[in-house]
Amino acid sequence: MRRGAPKPLRHGVARVISKLGLASRAQAAQWVLEGRVRVDGQLVRDAEFPVRSGAQRVTIDGQEPRAAARLVLMLNKPRGLITTRHDERGRKTVYECFAGANLPWVAPVGRLDKASEGLLLFSNDPAWAARITDPLTGPPKTYHVQIDRRADDALLRALQAGTATEGEVLKVDSARVLRSGQRHAWLELALREGRNRHIRRLLAALDVAVLRLVRVAVGPLTLGRLPKGQWRPLAAAEIAAL
């Protein structure tokens, strides 16, 4: 190595495999435990075995893995599904929407809680997914939210000003009324930083109940006419736009 050249970074072997877009880190760790992984010809059984990225040869079942081509899918998530691959309580998950499809490994890009619905992205590229979900580099997410009361300017100002709840200050970047009835209203809310149950907790702190919550867009990508429970791959131009 040339003097002054940066040393290759060391990462656990399961993480190295996961970043190739071939499997989740948990699945890659299982491959290690099963004795399917070697580093420079040496059998390893520790998922955290340090590997110098780009400087050591990792093989799975004797073959050197290649990074998978980036794949991004969008799903119109139905209400009632958990955003995870396996649920320890046996509840239905979003992966049931992919049943029968011959897909490689993909993971959710962000989350929607069980009672929420709408646009949910999946990808096999963890680094790309991290950029999309990072509030500094990712696009804003837009939601249509039905609430249990009429909306006024004071509520919209409060949503954008933010409020403290459970040790966090929650707010949205923009808020407007889509339509109002006698006792209900639909709001359009946009935010970049989506914490756990962000919108529901924020509205609850303002004494407003959520009746329905639908994510309708991620940046310029909109849900469109994609039927509930259906999915489609994104075109290269759509991925680039995100």
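The values are calculated or read from the model by the stated rules, or taken from the named source; none is laboratory data. The shown structure was predicted, so the numbers you read here are calculated from the model rather than taken from an experiment. Neighbour counts are summed over all protein chains in view; Cβ atoms, including those assigned to glycine, are modelled from backbone coordinates with ideal geometry.
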Filtering the stretch 26-76 down to residues that are in a loop (DSSP other than H, G, I, E, B), within 11 Å of Val13 (Cβ to Cβ) and within 28 Å of the chain's Cα centre (by Cα) yields Asp46, Ala47, Glu48, Phe49, Ser53
Taking the criterion of being among the charged types (D, E, K, R) and at pLDDT 95 or above, would at least one residue in the stretch 97-112 satisfy it?
no
Any residue at all in the stretch 190-208 that's among the β-branched types (Val, Ile, Thr) and over 23 Å from Asn124 (Cα atoms)?
yes
Which of (1) assigned to a loop (DSSP other than H, G, I, E, B); (2) touching a residue at least 12 places away in the same chain (Cβ under 8 Å); (3) not hydrophobic (A, V, I, L, M, F, W, C) does Asp207 not meet, given it meets every other one?
(2)
Of the residues in the stretch 85-100, those that are of a type outside the set (Lys, Arg), in contact (Cβ under 8 Å) with a residue 12 or more places away in the chain and in contact with a strand residue (DSSP E or B) (Cβ under 9 Å, 6 or more places away or on another chain) number 4
Whether any residue in the stretch 78-88 is hydrophobic (A, V, I, L, M, F, W, C), in contact with a helix residue (DSSP H, G or I) (Cβ under 8 Å, 6 or more places away or on another chain), assigned to a loop (DSSP other than H, G, I, E, B) and at pLDDT 85 or above is what I want to check.
yes
For Val172, state whether it is assigned to a loop (DSSP other than H, G, I, E, B), touching a residue at least 24 places away in the same chain (Cβ under 8 Å) and buried (at least 20 other Cβ atoms within 10 Å of the Cβ).
yes
